[in-house]
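One structure below.
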Amino acid sequence: MTDTICNRTFDDISLGDTATLQRTLTQADISTFAVLSGDANPSHVDEEFARSTPFHQVVAHGMWSGMLLSNLLGTELPGPGTVYVDQSLSFEHPVVLGDTVTASVTAREKFADSHQIRFDCRVVNQRGETVASGHALVQAPTQKICRPRTRLPQLHLVDPGQRLLALVSRAHEGCKGLKPMRVAVVHPVNEISIQGAIDAAQAGLIEPVWVGPEARIRAAADAAGIDLSPWQLLSTEHSHAAAALAVELARSGKVGALMKGALHTDELMHAAFDAQTGLRTARRASHVFVIDAPAADRLLFITDAAINIDPDLDTKRDIAQNAIELAQALGIATPRMAILAAVETVNASMPATLHAAALCKMADRGQITGAILDGPLAFDNAMSLAAAKTKGIDSPVAGLADILLTPDLESGNMLAKQLEYLGGATIAGLVIGTRVPIILTSRADGVEARLASCALAVLQRQALLKAAGQIDGAHD
């Protein structure tokens, strides 16, 4: 393709002049067509449905053929300055995913008084079958135009949150025939806290138990038109009491998880981490963000971004093991963990690099199991194999990291929120290392994040019980 685009004027064009364009239909083309047109015909966008039809993933060939012919007329013959006047096409065969079609326009009739030209139009597939045929009438340019070819923007189609929604579907499948896990929803005094739990209940994942001030919970539900009657409500005086009661329910085995409502994280965690009445285990609890980022080809795990402010080496060992076990519960048999720092070399004046080196050696000695670790790695090296190669880094993790272990809470929290608010990522979150998982979302998170976080809890709980031999691939 040249860097310059030139037209052919009315006087330059002779009858019989032809231009052609060849294109192979890809899945990206089908998706782009559906998005631009708003056409949600399942023959185009639903692969399972399309397989049940005579044609697999058929695009609306009228629009597809018309776009190719418009491209030819507007950029090749006559080219820049052309104005469409009329078009008539007949469509004889569909265009199917993987078809290679050739579009052609041929000057058939010229009208000197109006500078209009009628073109024969034809589109054929790789089997020689005519896909579309007809004619187009255009107003041809009368002045020569040559100009730099406009650089078109790159188009990246993303379907936000689809990988997390797949986890919701997986959790739902594992729940068939079983009672949903009872979850204490702590202080759900606003619509979003209630709706997120109800969505998870309607998906068959959980049975919510509302814990908090009854009057405020019911007022929030009534304002949103939500019926709470199918589920138990345990009234408390205030949010502190709600957190304490929810933890007590978990300790006594009456609920299998906690879910944060409209209260501050510190308030819930204070009750959960109480040395006498809380949910502590021998392992340090930590938080994991599970992130569906459009620019990544896989789910990413960022830890710890909500619980441990400035973790020491022993705490980071537990943070690492917690994240590894969650990744395994979500189906990643041997996750790759990048231990992040600002640089990829060990520097005695940068504690994060020392911790990274020590954690890798702990993995070598079996103190951390189930994953491939490497570090220190800067973020670019962890995510980009090309960046790692440029810096001469030979690593089984570089460019392939599933888990990003950050130096401290501040860096982890900022990284996760940057991916969410600048990178368009969808985020779910879970606290693990406690007696029961704690579904911990930001008060600013939407219903989708809360639903996905419930799925994390169900899958993590399911994996723990399966490992203990209490169930066979299901949860209580």
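All of the numbers you see were taken from the coordinates with simple rules; none came from a lab. Not measured: the values here are computed from a predicted model. Using ideal geometry, Cβ is built from the backbone for each residue, glycine included, and neighbour counts are taken over all protein chains shown.
Miscellaneous remarks
- Phi-derived couplings, Karplus 6.51 cos²θ - 1.76 cosθ + 1.60 at θ = phi - 60°, listed residue by residue for region 23-33: 8, 9, 6, 10, 4, 4, 5, 4, 5, 4, 4 Hz, with x used for Gly and Pro.
- Set LYS176/LYS254; LYS316/LYS417; LYS316/LYS389; LYS179/LYS254; LYS389/LYS417; LYS316/LYS361 screened for pairs whose C-alpha atoms are more than 25 Å apart: LYS316/LYS389; LYS389/LYS417
- Cα-based shape type of region 272-386, given that a ≥ b ≥ c are square roots of the gyration tensor eigenvalues and the cut on a/c is 1.5: oblate
- Here the Karplus relation 6.51 cos²θ - 1.76 cosθ + 1.60, evaluated at θ = phi - 60°, turns the backbone of region 415-428 into coupling constants of 4, 4, 6, 5, 4, 6, 8, 9, x, x, 6, 9, 10, 10 Hz, with x for every Gly and Pro.
- Over the Cα atoms of the chain, the radius of gyration divided by the Kirkwood radius equals 1.13; this is the Rg/Rh ratio.
- Among residues other than THR18 with Cβ under 13 Å from its Cβ, the summed charge is 0 (Lys and Arg +1, Asp and Glu -1).
- Mean Cβ neighbour count within 10 Å, used as a protection proxy, ranking 319-325, 304-310, 348-354 highest first: 319-325, 304-310, 348-354
- Cα centroid separation - region 167-204 against region 392-437, whole Å: 24 Å
- Region 348-369 and region 7-40 have Cα centres separated by 56 Å.
- Here's how it looks for VAL209: its modeled amide H is under 5 Å from those of VAL183, ALA184, VAL185, which are all 5 or more places away or on a different chain.
- A DSSP coil position with no more than 10 other Cβ atoms inside 10 Å describes the following trypsin sites (Lys or Arg not before Pro) in region 60-136: ARG127.
- Taking a ≥ b ≥ c as the square roots of the Cα gyration tensor eigenvalues, region 221-298 comes out oblate, since a/c reaches at least 1.5 and a/b does not exceed b/c.
- Over the residues of the chain, the helix contribution to mean residue ellipticity at 222 nm works out to -10500 deg cm²/dmol, using -39500 (n - 2.57) for each DSSP H run of at least 4.
- Long-range HN-HN contacts of VAL95 with modeled amide H, under 5 Å: VAL59, HIS61
- Between helix 351-364 and the chain: long-axis angle, C-alpha atoms, 0 to 90°, nearest 10: 80 degrees
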